[in-house]
Structures are given as structure tokens and as C-alpha cells.
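K.L.:
There's a structure below that I have some questions on.
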Amino acid sequence: MSSTGPGDKSVPVLKDLTIDNITENVVRINSQCSDPRLKYIMEQLVSHLHDFARETRLSFDEWMAGIQFLTQVGQICTDVRQEFILLSDIVGLSLLVDSIDHPKPSHSTEGTVLGPFHTHDAPADQNGFSISADPNGDPLLVLCTVKSTSGEPIEDVKVDIWETDSHGKYDVQYDDRGSKADGRAVIHSDKEGVFWFNAIVPVPYPIPHDGPVGKLLTRLGRHCWRPSHMHFMFEKEGFDHLVTALYIRGSDYETSDAVFGVKESLIVGLDTVTPEQAEQYNVKAGTKLLTYDFVLVTDEETKQLRHEEAVKAMKSLGREQGMTIINGVPVPDVD
């Protein structure tokens, strides 16, 4: 049954709306969407949100407080501060979505959260570049390789790196930063898949907690700290985009990261450069050393694994009937 709406568009007739039938009515109206994936996402979103409201007996005052909170999150966002990413991080959604969309074979490098402080103005330079101008940081030589899952070195991988200074702040957190980036760089792996640079030993730091997300953490009785780490992002045509980080073993907050970014495979210990390495890489004896062998997954490997994981997820939910997996995501069959 339908009625004629503006522009002679046929729309479903709404029932007499109640707590029990409001969900099916919203789903019915949204079912006019011509995009089957969007229609499915909205159906699930509305159903889960409505169930949440019913199960918690959500009060109007609580819902308005939630709306005001989200409004404040949006208002504090800038080009260099993405409070919504921070919110996604502290509820574990960022890591969950990344894990779903970028599944990894057991022998490849796992991804983790991007965080709110990546920029697109990092200076491009060659191996051996010093990414930090902080004189107070503990010098660190970072020596890494990039290989495929078959063990072959990958040449000319774009590697985007960023870290805080010795005070636990990213360059964009300083008012006088201007256009000069620090603590970040973009370099490329050589023909052996090697890339190396000079940095400083990462330190723990608090995520921005002077805004609505910080206030929420306080209300929840949670701390705002991240363990010592360094961010890496890898791009190479034919390979799945990888956003990851390396976490320093034994760092404070290693087991209670405020944004749930730590994975065991990404925890590394620091060594000290050998006399031979000090000479080869032109660093002082006694400099700290971070080494890691990154393993990238091809687009095809990721595509296949994403498909397999989606099929498995639909079966576990009892929804395999009437669903088709397209580009690794479930889409309802169209009659």
C-alpha cells in the first residue's frame, strides 16, 4: 500500500507509530533507496539504534545530552585536530573497522589506528633523513625492510612516518608550528626494500583531553594516555594500503592504550647500534636502534581474504541466504 507524495513519488504508508513498530516504519521508508548497500547499512543502523534506545530505556534528557556532545565534537574539529577520529578511536571503532576492511594473513604486518595527527605536508627526503629537530630527544636509528608475503623485497614503497617530540606533542599541537613540519617525513624503500632514518625514542603522551572526548574519558574513569610509539603508513601500487605503528616494549600504558591501538605483533624492543652500524649510518656510538621487517599484502590477497571473512561473518549471523558479497562487503540480493 502506498500514498502519493511530493512530485507524485510513491511512498509507503506509515502505520500508527508506537514504540514497537517505529523501527519497521523507518526501515520501510528507507527501503525506497536505490543503492542496495546503503539501504542495508541504514536498515541495520536504524535497527541497532532503536534496539539500543529500547533496551536502555533512553530518556529524552540523555538523548539531548548525546546530541549536544556530538555537536561539541564537531565544533572543535579543525584541519589539524579531528575530534571525531579521536572519538572513534576511544570507543574502539577505528581499530575494528580497520581490521574488517584490511584483514591480514598471519605472517603479514598488522594495521592499527591512524590517529588524529597525520598530515599531508611531511617533507619528502632520502634514506638517512633526520625527522626530528628536537635536541632534547634520545637519538634513535630506525632501520627497517619492506617485503611481500613471499619474502621478496619491495622497492619504492612510499613510507609516511610521524612521531611526537620528547615532550609528547606532535608538531601540529604547537600554535607557532606554521607550515614547517617536524617529527614526520616521507621516504621510499630502496631496491633491497630497506628504508632507514634518524629520529628520537618515542615517549608516552596524552591524547587531546581538553575537549568533549577528554571530558567523556573523565566521566568514564579512564586515562587519556598512549604508550610510546611511532606511526608508519605504506603505499605502493598493487599492495593493500597499510596504516600501522610500532610500540616500544615496556612503555607505560602498553596494556591500557586509550585508543586500543596496541597489538602484540607491533610491540618491539630497542637495541643499541653496533660500532659497525654507527660507522655505516653515521650515528654516534650508543645510539638506540629500532629494527623491524614490515610485510605488505597485495591487493588481490586482501580482496580474497576480505571476501572469505565477509562470508564467514554472514554465516555466523545466519544471514548468508539472500546476501551477495560484493567487493568484500555484504549486499542484499535484489529481486
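K.L.:
Rounded to the nearest percent, how much of the accessible area of region 142-186 (1.4 Å probe, protein heavy atoms only) is carbon and sulfur?
P.N.:
41
K.L.:
Where in region 192-217 is the amide nitrogen less than 12 Å from a point lying 7 Å along the Cα-to-Cβ axis of ASP61?
P.N.:
none
K.L.:
Apply the Karplus curve 6.51 cos²θ - 1.76 cosθ + 1.60, θ = phi - 60°, to the phi angles in region 26-38 and return the couplings in whole Hz, x for Gly and Pro.
P.N.:
5, 4, 5, 5, 5, 5, 6, 4, 7, 8, x, 5, 4
K.L.:
Would you mind getting the accessible area per residue of region 99-149, heavy atoms of the protein chains only, 1.4 Å probe, in Å²?
P.N.:
46
K.L.:
Continuing with the same structure: With everything on Cα atoms, drop me the angle between helix 299-316 and the longest principal axis of the chain, reported from 0 to 90° to the nearest 10.
P.N.:
Approximately 40 degrees, to the nearest ten.
K.L.:
Counting only DSSP beta bridges with both residues in the chain, tell me the antiparallel percent, nearest 5.
P.N.:
The antiparallel proportion sits near 75 percent.
K.L.:
Also, I was wondering about something else. Determine, from the Cβ-Cβ distance of VAL268 and HIS120 and an R0 of 45 Å, the FRET efficiency 1/(1 + (r/R0)^6), rounded to the nearest 0.05.
P.N.:
It comes out at approximately 0.95.
K.L.:
Okay, moving on. Would you indicate which of (i) 1.20; (ii) 1.06; (iii) 1.11 is the value of Cα Rg over 2.2 N^0.38 Å derived from the coordinates of this structure?
P.N.:
Entry (i).
K.L.:
Still on this structure, I have one more. With r as the distance between the Cβ atoms of GLU276 and PHE69 and R0 = 41 Å, compute the FRET efficiency 1/(1 + (r/R0)^6) and round to 0.05.
P.N.:
Efficiency, rounded to the nearest 0.05: 0.15.
K.L.:
Could you work out how much longer the chain between LYS15 and VAL91 gets when fully extended? Use 0.36 nm per residue separation minus the Cα distance between them, nm to one decimal.
P.N.:
23.8 nm
K.L.:
For region 79-91, what does the Karplus curve 6.51 cos²θ - 1.76 cosθ + 1.60, with θ = phi - 60°, yield as ³J(HN,Hα) per residue in whole Hz, taken in order and with x for Gly and Pro?
P.N.:
Result, rounded to whole Hz: 5, 10, 9, 9, 5, 5, 4, 4, 4, 4, 5, 6, 9.
K.L.:
Keeping every protein chain in place, order TYR205, TYR281 by accessible area at 1.4 Å, biggest value first, i.e. largest first.
P.N.:
The ranking, largest first, comes out as TYR281, TYR205.
K.L.:
At 7 Å along the Cα-to-beta-carbon direction for both THR324 and HIS167, put a label point, then send me their distance in nm to one decimal.
P.N.:
Going from the THR324 label point to the HIS167 one covers 5.7 nm.
K.L.:
In region 221-335, carbon and sulfur make up what percent of the accessible area (probe 1.4 Å)?
P.N.:
49
K.L.:
Can I ask one more? Among 295-301, 248-254, 197-203, 121-127, how do they line up from the highest to the lowest mean number of other beta-carbon atoms within 10 Å?
P.N.:
197-203, 295-301, 248-254, 121-127
K.L.:
Related question: Distance between Cα centroids, region 160-225 to region 86-133: provide it in whole Å.
P.N.:
Result: 11 Å between the Cα centres.
K.L.:
Determine the alpha carbon to alpha carbon distance for each of LYS147/LYS180; LYS236/LYS284; LYS147/LYS263; LYS169/LYS236 and list only those over 23 Å.
P.N.:
Among LYS147/LYS180; LYS236/LYS284; LYS147/LYS263; LYS169/LYS236, the Cα-Cα distance tops 23 Å for LYS147/LYS180; LYS236/LYS284; LYS169/LYS236.
K.L.:
Classify region 16-100 as rounded, prolate or oblate, taking a ≥ b ≥ c as the square roots of the eigenvalues of its Cα gyration tensor: rounded when a/c is under 1.5, otherwise prolate if a/b is larger than b/c and oblate if not.
P.N.:
It comes out oblate by the Cα gyration axes.
K.L.:
Now, a different point. Given the -39500 (n - 2.57) contribution per DSSP H run of 4+ residues, what per-residue ellipticity at 222 nm results for the chain, rounded to the nearest 500 deg cm²/dmol?
P.N.:
The helix contribution divided over the chain gives -9000 deg cm²/dmol.
K.L.:
If you don't mind, another one. Roughly how many nanometres apart are two label points built 7 Å out from the Cα toward the Cβ at LYS303 and ARG37?
P.N.:
1.4
The values are calculated or read from the model by the stated rules, or taken from the named source; none is laboratory data. It should be emphasised that the depicted structure is a prediction, and the values quoted were computed from it without experimental measurement. Reconstructed Cβ throughout: ideal geometry from the backbone, glycine too, with neighbour counts over all protein chains shown. Calculation scope for accessible area: heavy atoms of the full protein, side chains included, ligands and nucleic acids excluded. Shrake-Rupley method; radii C 1.70, N 1.55, O 1.52, S 1.80 Å.
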